[in-house]
Amino acid sequence: ETYVSDLTLSRRSGMNIRFIPEDIAKKAELSYFDWREAESVYTFSKGGGRLEITPVFKRFSEENTPPTLYNHGFENMDSVGALYSRASSHIFGDWNACGKVMGLAPWQGHVWDQTENASGKSKRAKKKLTAETIEEPILKGKLYKDGEEGLKIDRSVMKNMPFIFRIDPDMFDDEGNIVRQKRYDFDDNDFRGISSTDEGKENASSDGQSDGSDEQLRSPKQLPTKVALDAISLASRMQTDLESVCMDFVEHFKSETGATNLCLAGGVALNSVLNGRLSRELGFDNTFIPPYPGDDGIAVGC
């Protein structure tokens, strides 16, 4: 046997590596789309001019969709990073806009005053607006456990919530003409399809689609309030769950390994809010986050 994989490494080297699921080798043989590494733990030691890297733990996630899909179906994996990316796609239309999700989350709890016309009065009434709290966690459980105590994922919140970012299903109509379609986008401030003139309003369909008329004007985009508040709710719930699950994960292996220093790699290590909590609250002497903790830094864990 010359090929070395995660599953044969411990047998060949005598290392005591723990896998979740424990029967990953058997499950991989029966899987339609195989399994992928989700979260890992290693210890590093330096002595005699050498750096020793010892794998301690690996959790694998089954491919839930064909890896031939866009981005290899990453967002459909059952890992903390993949679920965070799913929230990113839901809000911003980009699986790799996770930093925006992190930045949006702290707006949970903020209260805005919305001024509206009071019925039958000349005065304008103020309405308090705030994002609702999503009570049920999307992520919960222990990454280092299997079965009932292991990671539990509830995608129902996102499945029941319309895409906040409006992704155009078709760019062309049956005649080959470009279809201009209204879309909600946090990153720009205008769209075509709604005119400020009465004539333009007549040319615009009820769902905001344009009939392509040159008479329609570009007008300021107004992100619907409910859409914005739903985005904040989802971002906050996702960030809270990420921190909860990952803090527990790192604290567990700090105790198990006796490590006094922490090094982070992988896409989740780009979450600076989580990184700050890991550094401040878990009692490590030093916390090191390389300048390339994203996908280009995952090699240390693969």
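The values are calculated or read from the model by the stated rules, or taken from the named source; none is laboratory data. In this text, all values refer to a predicted model and were calculated from it rather than measured experimentally. Note: ideal-geometry Cβ built from the backbone for every residue, glycine included; neighbour counts use all protein chains shown. The protein model used for the area step is the full one, side chains on, heavy atoms only, and it has no ligands, DNA or RNA in it. Shrake-Rupley method; radii C 1.70, N 1.55, O 1.52, S 1.80 Å.
At-a-glance table
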read-out	value
Heavy-atom accessible area order for 163, 19, largest first, 1.4 Å probe	163, 19
Accessible area in the full protein assembly, largest first, 1.4 Å probe, for 110, 252	110, 252
Heavy-atom accessible area order for 280, 155, largest first, 1.4 Å probe	280, 155
Cα centre as origin, Lys/Arg/Asp/Glu Cβ charges: region 32-96 dipole, Debye	340 debye
